[in-house]
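Rule-based calculations on the coordinates, nothing more; no lab input. Being a predicted model, the structure only gives us computed values, none of them experimental. Neighbour counts are summed over all protein chains in view; Cβ atoms, including those assigned to glycine, are modelled from backbone coordinates with ideal geometry.
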Amino acid sequence: MSDSPLLIDTQDGVRTITVNRPDKLNALNSATLDALHQAFDVAAGDAAVRVVVLTGAGEKAFVAGADISEMNGLTPVEGRDFSLRGQRMMRRIEKMPKPVIAAINGFALGGGLELAMSCHLRIAGDNAKLGQPEINLGLIPGFGGSQRLLRLAGRAATLELCLTGAPVTADRARELGIVNRVVPAAELQAETMKLAGQLANAAPLALRAMIDCVNVGGECGIEEGLEYESAQFGLVFSTDDMREGTGAFLDKRKPAFKGR
Ligand code: COA
């Protein structure tokens, strides 16, 4: 495992996956895309994991993009395959049955911003720079960025970021709705773990139902979305955790959720 491009650590139900190519600002080459896909498959199936935190190694970058040296030599067919490889991995993250938090500790550019946008929540250090600079390389985003940024921040912000290629500050990204919170860089890890700990103690099946509601509802009409919400709402009545949560409220005690 020593040549793995990832570091993986689990504490109190929180699995931290760190992209670990700091000398390349954690750029995503094919091996890293595949390792991430596998790491998220494993985390999805591991009942001991309640929440996943995704971050980058080193002081400078979350992820500075897809690996430009690898892309430089690709044919059109290989380019399409590289895009599909990244898209599938990021869709896997988006459809995870447990919350995934991106802790953005520096540059989140190109594939790095696309990776962060596939996570359910994003916390950025106040030193972070976020952008889609592919245009400067004669490219466009290929790991879902044109679609996820559009859905998160709308047409004006998407066209501004993708046509100019200029990065934005963490504060501007929060104004645009791209990140949830901005914290001082020195507090990013502690603040992320605080949020992760809160989610690790929440009812896992209700978290999953909520993620599914947003994933489905974001892509369908209001009638279908409301129908889907009712079905998920009914489904959580079948869980022990719903009895525990409502019972604990009535008993004036803290609930202990078990994921059943
Ligand atoms: N792909 C491959 N290698 C990358 C990379 C990427 N996306 N981003 C950075 N690196 C590499 C650099 O080539 C350099 O490697 P080297 O030391 O072997 O030359 C190393 O990471 C450090 O990067 P460097 O450019 O020296 O750091 P910097 O602090 O001067 O600049 C950035 C930081 C982020 C502004 C700059 O690295 C950059 O613009 N990266 C590309 C961003 C991008 O276009 N991403 C979208 C790709 S589709």
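Just to confirm the number: angle between the C-alpha axis of helix 222-236 and the first principal axis of the chain, 0 to 90 degrees, nearest 10?
Here the helix axis deviates by roughly 50 degrees.
What is the local net charge at Ala48, summed over the other residues whose Cβ is closer than 12 Å to its Cβ (Lys, Arg +1; Asp, Glu -1)?
Combined, the nearby Lys, Arg, Asp and Glu give +1.
From the helices alone, meaning DSSP H stretches of at least four residues, give me the mean residue ellipticity at 222 nm for the chain, per-run term -39500 (n - 2.57), in deg cm²/dmol to the nearest 500.
-15500 deg cm²/dmol
Could you list, in their original order, any pairs among Lys95/Lys129; Lys95/Lys258; Lys95/Lys254 whose Cα atoms are separated by more than 23 Å?
The answer is Lys95/Lys129; Lys95/Lys254.
Tell me, what HN-Hα J-couplings in whole Hz come from the Karplus equation 6.51 cos²θ - 1.76 cosθ + 1.60 at θ = phi - 60° for each residue of the range 13-26, using x for Gly and Pro?
x, 9, 8, 9, 10, 10, 6, 10, 10, x, 5, 10, 6, 6
Based only on Cα atoms, what mean projected area does the convex hull of the range 204-251 have, in nm²?
In nm², the orientation-averaged hull projection of the range 204-251 is 3.4.
Between the alpha-carbon centers of the range 184-229 and the range 1-46, tell me the distance in whole angstrom.
Cα centroid of the range 184-229 versus Cα centroid of the range 1-46: 21 Å apart.
Tell me, what are the semi-axes, in whole angstrom and largest first, of the equivalent ellipsoid of the range 1-79 as set by the roots of 5 times the Cα gyration tensor eigenvalues?
Largest first, the range 1-79 gives 25, 15, 9 Å.
Treating each Cα of the range 6-200 as an identical point scatterer and ignoring solvent, apply the Debye formula and state log10 I(q)/I(0) at q = 0.11, 0.17, 0.19 Å⁻¹.
Computed log10 I(q)/I(0) values: -0.43, -1.08, -1.36.
When the dipole is taken about the Cα centre of the chain, and only Lys, Arg (+1) and Asp, Glu (-1) are charged at their Cβ, what size is it in debye, to the nearest 20?
The calculation lands at about 400 debye.
From the C-alpha coordinates alone, can you work out the Kirkwood hydrodynamic radius of the range 114-260, in Å?
With all distinct Cα pairs of the range 114-260 included, I get 17.8 Å.
What ranking do 121-131, 227-237, 91-101 get when scored by the average of other Cβ atoms within 10 Å per residue, highest first?
Output ranking for 121-131, 227-237, 91-101: 121-131, 91-101, 227-237.
Report the local net charge at Arg122: Lys and Arg +1, Asp and Glu -1, summed over other residues whose C-beta lies under 13 Å from its C-beta.
0
Give the peptides 175-183, 242-250 in descending order of average Cβ contacts within 10 Å, highest first.
So the peptides 175-183, 242-250, ranked by packing, come out 175-183, 242-250.
What residue among Leu139, Leu195, Leu150 has the largest mean-square fluctuation in a Gaussian network model of the chain, using Cα springs under 10 Å?
Maximum among the listed residues: Leu139.
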